[in-house]
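Structure record follows, encoded as structure tokens.
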Amino acid sequence: MSGIFAVFAGLLCFIVPLAVPLFAQRWRTFAIIVALAVAFFGWLTWDIGRAGEAHWIGSFLGGLMLFGFAAGTIAKFVMLLGRRPDQA
């Protein structure tokens, strides 16, 4: 049962950060999301770097989150760059 929980937690830790930047519609919203992610992953790096204490998330799930967010960020960046200007 714990294996099923681990697979489910790993899937969520990849899919949710992948989806977060894809919800941005404008450059400003995208920049805010990226700034919040930089703060979160900075904290996560600090948390994992502490010796002798329990980590809140862990390095494996944190790595999945970082990789998922990076993939979503690259995809949304390309989408925003390729967007055609509105013809009014």
Checklist entry - Of the residues that sit in the stretch 1-10 and are closer than 17 Å to Gly68 by Cβ, out of contact with any helix residue (DSSP H, G or I) (no Cβ under 7 Å at 6 or more places or on another chain) and of a type in the set (A, V, I, L, M), which one is most open to solvent (accessible area, probe 1.4 Å)? => result Val7
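Report yes if Ile74 is free of Cβ contacts under 8 Å to residues at least 40 places away in the same chain, assigned to a helix (DSSP H, G or I) and within 23 Å of Leu22 (Cβ to Cβ), otherwise no.
Values: free of Cβ contacts under 8 Å to residues at least 40 places away in the same chain: yes; assigned to a helix (DSSP H, G or I): yes; within 23 Å of Leu22 (Cβ to Cβ): yes.
Yes: the conditions hold for Ile74.
Which residues, taken from the stretch 34-61, are of a type in the set (Gly, Ala, Ser) and modelled with pLDDT of 90 or more? Working first, answer last.
Initial filter on the stretch 34-61 (of a type in the set (Gly, Ala, Ser)): 35, 37, 39, 42, 49, 51-52, 54, 58-59.
Matches in the stretch 34-61: Ala35, Ala37, Ala39, Gly42.
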Item to check | Residue list for the stretch 49-88, filter: farther than 27 Å from Ala6 by Cβ and polar (S, T, N, Q) | outcome: Gln87
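Pick from the stretch 11-33 the residues that are among the aromatic types (Phe, Trp, Tyr), within 30 Å of Asp86 (Cα to Cα) and at pLDDT below 95: which of them is most open to solvent (accessible area, probe 1.4 Å)?
If we filter the stretch 11-33 for residues that are among the aromatic types (Phe, Trp, Tyr), which is where we start, we get 14, 23, 27, 30.
From what's left, within 30 Å of Asp86 (Cα to Cα): 23, 27, 30.
In the following step, the residues that additionally are at pLDDT below 95 were identified as 23, 27.
Values: Phe23: 155, Trp27: 107 Å².
Per the criteria, the residue is Phe23.
State all residues of the stretch 34-66 that are loosely packed, with under 12 Cβ neighbours inside 10 Å and outside any helix (DSSP H, G or I); if no residue qualifies, say none. Even if it seems obvious, please write down each step before you answer.
Quick first cut of the stretch 34-66, residues loosely packed, with under 12 Cβ neighbours inside 10 Å only: 35-36, 38-39, 42, 46, 49-54, 56.
Arg50, Ala51, Gly52, Glu53, Ala54, Trp56 - these are the residues of the stretch 34-66 that are loosely packed, with under 12 Cβ neighbours inside 10 Å and outside any helix (DSSP H, G or I).
Looking at Leu61, Leu44, Leu22 in this structure, which one is in contact with a Lys or Arg (Cβ under 9 Å, 6 or more places away or on another chain) and either aliphatic (A, V, I, L, M) or touching a residue at least 24 places away in the same chain (Cβ under 8 Å) (or both)? Steps first, answer last, please.
Details: Leu61 fails: in contact with a Lys or Arg (Cβ under 9 Å, 6 or more places away or on another chain); Leu44 fails: in contact with a Lys or Arg (Cβ under 9 Å, 6 or more places away or on another chain).
Going through Leu61, Leu44, Leu22 in turn, the sole match is Leu22.
The values are calculated or read from the model by the stated rules, or taken from the named source; none is laboratory data. Bear in mind the structure is a predicted one, so any value in this text is a computation, not a measurement. For neighbour counting, all protein chains shown are included, and Cβ atoms are generated from backbone atoms with ideal geometry for every residue, glycine included. Note: accessible area is taken over every heavy atom of the protein model, side chains too, but ligands, DNA and RNA are not part of it. Shrake-Rupley method; radii C 1.70, N 1.55, O 1.52, S 1.80 Å.
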